[in-house]
Structure formats: C-alpha cells, structure tokens
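First the structure, in the form of structure tokens, and then the observations on it.
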Amino acid sequence: MKTDTIAAIATAMSSSGIGIVRISGEEAVLVADRIFEMKNHKKLSEMPTHSIHYGHIHDEDEVIDEVMVLLMRGPKSYTRGDTVEIDCHGGVYVMKRILETVIRHGARPAEPGEFTKRAFLNGRIDLSQAESVIDVIYSKNDFALKSSLSQLSGSVSEKIRDIRGTVLHEIAFIESALDDPEHISLEGYPEQLSEIVSGVADKIEKLLANSDNGKMLKEGISTVIVGKPNAGKSSLLNTLVGEEKAIVTDIAGTTRDVLEEQINLNGVLLNVIDTAGIRDTEDVVEKIGVERAKKYLKDADLVIYVVDTSTALDENDAEIMELLRDRHTIVLLNKSDLKQITTVEEVRKHLDKTMIPISAKEQTGIDALEKEIKEMFFSGKVTFNDEVYITNIRQKTALQEALRSLKLVQQSIEDDMPEDFYSIDLMNAYEELGTIIGEAVEDDLVNEIFSKFCMGK
C-alpha cells in the first residue's frame, strides 16, 4: 500500500532526557537523508533495516542536534511502511525544530493516531488491537494495563474470530442447502442449529458479563461518600487518598461543595466524590452543596454512607437512609474509637446494608472496606487468568447487537420459520461481530476511533 510520508513527535511535549520524532511513509528514508548527516558521511538509504546510526540533524548548514536514528524498513515496522525514528535530546524546542525541519524536507504532519491507523489499514493489527493501543497509554491501574496488553496481543480478536467462524459455517451450510436441495438436506437441521446458536450465544453472554467488571476495573467505580455534617466523610477521603485533600474541622458543614479524587485501592480504581453533609440548612452555598450531593448519589455505582456512631441518629440520617434503599451501599460506622451511642442493630432497623466499623482518625477498618467493595462488584474475584474482558463500549454494543440477532434466530426456529430467515439474522450477527475487529466497518467510524489517539501514535 503506497502512502505519503507523515511525521510527528512521538514523546510527550515536555522537557525530558530524550525525545523521539517519528517519520513513516514511502519517502521516510529519503526525507531523513536530506537532514541527517552520519559521522562516516554515508547515507541512511544505504544502511540495512533495523539498524541504528549516530550523527547530526541539520537544516541546510545549521546543526540542530546530535542524534541517534533508527531505521526500520517495511513491512517489518509498526505501520508496515518504511519508518525512521530520530532520538534527539528531549527539549521541547529542539523536538519542534527537528519536526519542522522534517516537514520542510518532504513529510507532512501526522494526524492523531495516524501511525496506528496505518498499522490497521495495512493489516498489521485489527481494530480491537488498535483500540487497545490507546488503552495501554491511558491505563490507570494494573488491571487496565494487563487487560489492554492482552487485547493488544489479540485475545479479543481470537475470541471474536472463533465465534464468527462458527456463525459463517452455518450461513454457508444454509445457503448451500437452499441452492442445492437435491444433494444437501435440511431435515433435522433446525434442532442442530438451535444447539449451535445457543453455544455461540453463551460465549457472547460471558464476554458481556465480564464487560461491566472490565469497564469498572478500567475506568473506576463511581463512588460517592455521603453522611450528615461532621460524620467523618472528609477524614475518610483523606485516609483513602493518603494525604490531606479535604479540610477537616470540628465545625459541621465545613465541606460545602464536592471534592473529587481517584483512588487505587489495591488494584481497584475508585472515582471518589466527597459531598457536603446532607442536612436542612439556610446557608445558600451549603444548600447548593447538599443538592449536588443528592444528585451524585443517584448516579453513583457505589455509595459509602458514613455514620457518626458517637452521636444519635436524627432526621438527617433518616433522610439519607431513605435515599439509599435501592443503591449499592456500604455503611461505615465511623468513630469506633469513641464511646458508641449508635449501634449496628439500630442502623439496621432503618437500612439493611453491609455495615463495617471503622475509625477514619485511627485508620482502622479500611482493609474490610476494600474486601467488601471487591466482593460487591466482582464476586470477590479480580483475576487476569484466562479471562477476556471487554472494556470498550463500542465493542460491548456490537456484542449486544450480535446477541440480539442470535436470539432472533432461536425465535425463528421455535416459530418453525423458513431456513432463509435463519440466514438473515445469522448474517447480521456475523457483521456486528466483524465491526469489533474492523471487518465490515465504515470509514467514518475508523476516523472517529483514531481521532482520539495521541498525535505521534
């Protein structure tokens, strides 16, 4: 595949030890030859592939930087096209100067994700692997990184291709039988197809079942801390974060707005929001904070309700507990280091949720909170072993549509419909699965996916 030559800075635009300017395309080596002078005065075009060379980048007679240049000829490169990478000093100015020089001598600026887009278009990786590249870059915890690397190596692609192969085989059989009924009989086939479709549907349902876990493990569990004023919400946030992020005083209503922090709780990512204490108040600012707290509570995956056990339950607690009846909630019985006035039994009369005694001040009970979160969302199992996690909403939607089509096939079999009805819905499922790996996908979608990438990737 012939391509024009593109270039971009592939490292972060900040001062660092080294920077990389990447060039790829059919004239990548020629462009490099125009600006790169080797110490032995040889040309890069004379050098073998997958070699590295020392020299200087110059613009006409001006030396810009002392560099190392990597040469990777296609198809043995990331894009499957000729690729040159200039390893220069990592100053922002010097990287920009080298890129400008590269562009003046024959390359054009790369679009966001264009190197990876070329890798996809040239067949080096499929679309699910391409999407995992950006997931690797933006990984925020160990799970997200391992899951993204697994997808990059082709774990999702392998599963999808296996399922598509099964579906395609049945489509081909039906079409052959309809074209040649004298030699290929469909007698008893609906029952056989029903079993096959059921097995395929089970595989898709397993991927979908893992998708919610995958999304939360990758992006984090949306978590809201609620309670009445001075219950210890901000102290809990500070304990979880490991530093003083929230102001803590003995004055009720200190937190008037929401505070947001991202916390890695032993591999589980929590997007935590500390809210204003929920109570009736005449303070205008505090009242706005209370209303925001209620809004965040409704949208949260998890609510952590902090109860001050050193004081009696009141109407503010009653209001909060009413809001929590249908929510994933963990009740933290805080200030366990003080004299207990409110007990587990008393809270349970109003709200039947998991109760954990803690002391945010003494930092006790946090291990039990971590364990409960894992059990609540992941059945106590957060594992990377042999599991394929769907963490991408686009892929999840395609799986759901494929499953819907397979359910229609099963319905057609139950209704004793003609065999060509089976073929139509099987083909729909086949095409939806194909969008995951980049087969049968529209150009607009491809452009949209790669537009979210970094400039030099």
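Read the figures in this text as sums done on the coordinates, not as results from a lab. A quick note: this is a predicted structure, and the numbers were derived from the prediction, not measured. Positions of Cβ are generated from backbone atoms using ideal geometry, with glycine treated the same way; all protein chains shown enter the neighbour counts.
Calculate, in nm to one decimal, what K96 and K371 gain on full extension: separation in residues at 0.36 nm each, minus their alpha carbon distance.
On the way: separation 275, 0.36 × 275 = 99.00 nm, distance 4.88 nm.
Going from the current span to full extension adds 94.1 nm.
Using the Cα centre of the stretch 6-124 as origin and beta-carbon charges of +1 (Lys, Arg) and -1 (Asp, Glu), tell me which of N40, T79, S16 is placed farthest towards the positive end of the dipole.
With unit charges placed on the Cβ atoms, the residue in question is T79.
Dipole magnitude of the stretch 6-124 about its Cα centre, charges +1 at Lys/Arg Cβ and -1 at Asp/Glu Cβ only, in debye to the nearest 20?
Once rounded to the nearest 20, the dipole reads 560 debye.
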